[in-house]
Amino acid sequence: MSLPDFLIDKYKDWKKNFFLKNKELYIELEANGQKPKAMIISCCDSRVDPNKIFNGKPGDYFVHRNVANLVPIYNLNKTENHEITSSIEYAVNSLKIQNIIILGHSSCGGIEYAYQRFSKENLENKQTSLDTWTEPIKTAFNNIDTNLSDKNAIKSLEKMSVVNSLTNLKSYPKINELIIKNKLTLHGLFFDISKGDLSKFNEISNKFDIISY
Ligand SMILES: [Zn+2]
């Protein structure tokens, strides 16, 4: 099976025009290992690229992507969610990362999927993997203002789910301890795709404030 031409062309372009011009950086990163400045937990969505938004060079960010940028509550029985748990453990224990960002975004397919599913009165018994994965969104869904239209409720859920993931992140081993020792800071961010705006969750006002540019 051959690799599609567009991928081969993009690779050749990157190798010639980026890699070869930044070869020393890659050699240095290989020799000395990565020391990323932040961990970013973002959605798989192709429109939301943490390295573009934060203008990252190779080695700058430790990125974990999943559907709807979720952090489920810590799994004490260690039977599921190993992907996100191992990323967080590695970031905190091995890389000693001092900033963890949860990056939500507008028109998130995963959030809309969960909203539509929870809005149905009778949920189907047979769960898909996506149903199981998006189940943690239910906590935020239950707190939505019921007077909102579906469209605005989904918009609200996109942000409330980021806040819920921040809360869940604190249930992971060592996270609270590191926050108290000022060795780790958690940030909830929201990216508006069409405006290119980034907002930051403010724990005091309980709102997202746009970061001016
Ligand atoms: Zn998404």
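Structure values in brief
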read-out	value
Phi to ³J(HN,Hα) by Karplus 6.51 cos²θ - 1.76 cosθ + 1.60 over segment 76-84, Hz, x for Gly, Pro	4, 7, 6, 9, 8, 6, 5, 5, 5
Per residue Cα convex hull volume in Å³ - calculated over segment 53-164	126
log10 of Debye I(q)/I(0), alpha-carbon scatterers only, for segment 143-192 at 0.29 Å⁻¹	-1.06
Residue 38 long-range amide H proximity, modeled H, under 5 Å	62
Within the accessible area of segment 3-90 (1.4 Å probe), percent carbon and sulfur	55
For the chain, calculated [θ]222 nm from helices alone, where every DSSP H run of n ≥ 4 adds -39500 (n - 2.57)	-10500 deg cm²/dmol
Spherically averaged projected area in nm², based on the convex hull that wraps the Cα atoms of segment 1-59	5.8
Karplus (6.51, -1.76, 1.60) ³J(HN,Hα), θ = phi - 60°, over segment 147-152, in Hz, Gly and Pro reported as x	7, 6, 5, 4, 4, 6
Within the chain, longest stretch free of exposed GluC sites (Glu not before Pro) [DSSP loop, at most 14 other beta carbons within 10 Å]	1-79
Choice from 86, 199, 107 showing the highest fluctuation, given a GNM over the chain with Cα pairs closer than 10 Å	86
Translational diffusion of the chain, µm² s⁻¹ [Kirkwood Rh, Cα pairs; Stokes-Einstein; 4 °C; 1.567 mPa s]	68
GNM top mover of 185, 134, 146 - the chain, alpha-carbon springs below 10 Å	146
For segment 187-193, Karplus couplings with θ = phi - 60° (6.51, -1.76, 1.60), whole Hz, Gly/Pro x	10, x, 10, 9, 10, 8, 4
Surface per residue (accessible, 1.4 Å probe) for the chain, Å²	63
Of 113, 61, 26, the one that fluctuates the most in a GNM where the chain has Cα springs shorter than 10 Å	26
Histogram of C-alpha separations across segment 98-213, 5 Å bin width, %	2, 10, 19, 21, 19, 14, 8, 5, 1, 0
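The values are calculated or read from the model by the stated rules, or taken from the named source; none is laboratory data. Because the structure is predicted, anything quoted here is derived from the model rather than measured. Neighbour counts run over all protein chains shown; Cβ positions are idealised from the backbone, glycine included. We work out accessible area using only protein heavy atoms, side chains counted, and drop any ligands, DNA or RNA first. Shrake-Rupley method; radii C 1.70, N 1.55, O 1.52, S 1.80 Å.
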